[in-house]
């Protein structure tokens, strides 16, 4: 929406819409899966635009009855889905040419990323990876097949060790048995040695993995896993790939930074 020049039309955003930073200055309508009709109607929108993940359905029905147009875009992490989403946004904003250019640029960036991974794999083995959600004690949720987590791991050149579908809890025993070489933690707060040490203290099983022993714990902004492929995903892929293949020069300057 912002990339296609539609930011000035926004009257509110949900809690996962944090980029660019200017969006945080807009009124919040809450988490996309737990919207409330009253707060949205108070902003007097003509259109509620979101992914197929937004809800709950009774609230969307209430908004529609009140005259708010509902547009739901697919949240699947696929290029075809992204192309369809951009096309629809271009139609809504009256600039389909800009949407076509945005998709072409996105494709080009992913192609460059793929070439980088292929080059790195000539001298380095693809690491076994797990991506964790809700890591604070207990059994963390792990991204399996047919998830945005799986797509990110694969496109960054890793092997997702989780063979289940969707996001499921993984026991300590299972985590130790898989013994990932790299663990990606979807948490913006996991920065610096102190944060990593606190994470390992809260999760003894994680501390026993090869990833922890070798210091290969990577942080990922969890909003990259929400709503399908967004404009920041290529940078996220470059960061993950740099962590997966540390012996290769990073694709971007940003990827050099500690996540």
Margin query: What number do you get for the range 116-248 when its Cα radius of gyration is normalised by 2.2 N^0.38 Å, N = residues?
Written below: 0.97
Next item on the list: Pick out which of 168, 25, 87 has the largest mean-square fluctuation in a Gaussian network model of the chain, springs linking Cα atoms closer than 10 Å.
Entry: 25
Next item on the list: Give, to the nearest whole percent, the P(r) tail of the range 155-207 beyond 16 angstrom, counting all Cα pairs.
Entry: 51 percent
Next item on the list: Kindly express, to the nearest 10 degrees and within the range 0 to 90, the angle between helix 96-120's C-alpha long axis and the longest C-alpha principal axis of the chain.
Entry: 0 degrees
Next item on the list: Return the FRET efficiency for the residue pair residue 207, residue 96: r is the Cβ-Cβ distance, R0 is 41 Å, and the value is rounded to the nearest 0.05.
Entry: 0.20
Item checked: Neighbour-count ranking [beta-carbon atoms within 10 angstrom, fewest first] of 145, 40 -> 145, 40
Check: What fraction of the DSSP beta bridges in the chain is antiparallel, stated in percent and rounded to the nearest 5?
Finding: 25 percent
Next item on the list: Could you work out how far helix 192-202 tilts from the main Cα principal axis of the chain, as a 0 to 90 degree angle to the nearest 10?
Entry: 80 degrees
Notebook entry, point to check: If you line up the long axis of helix 79-93 against the longest principal axis of the chain, both from Cα atoms, how many degrees apart are they, to the nearest 10?
Noted result: 30 degrees
Notebook entry, point to check: Counting other C-beta atoms within 10 Å, which of 80, 235, 105, 150 has the fewest, and how do the rest follow?
Noted result: 80, 105, 235, 150
Item checked: Taking the C-alpha atoms of the range 53-104, convex hull volume expressed per residue in Å³ -> 68 Å³
Item checked: Share antiparallel - DSSP beta bridges, the range 128-256, percent rounded to 5 -> 30 percent
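The numbers here are math on the coordinates, done by the rules we state, and not lab data. For clarity, every value in this text was computed on a predicted model and none was experimentally measured. FYI the Cβ positions are ideal-geometry reconstructions off the backbone, even for glycines, and counts take in every protein chain you see.
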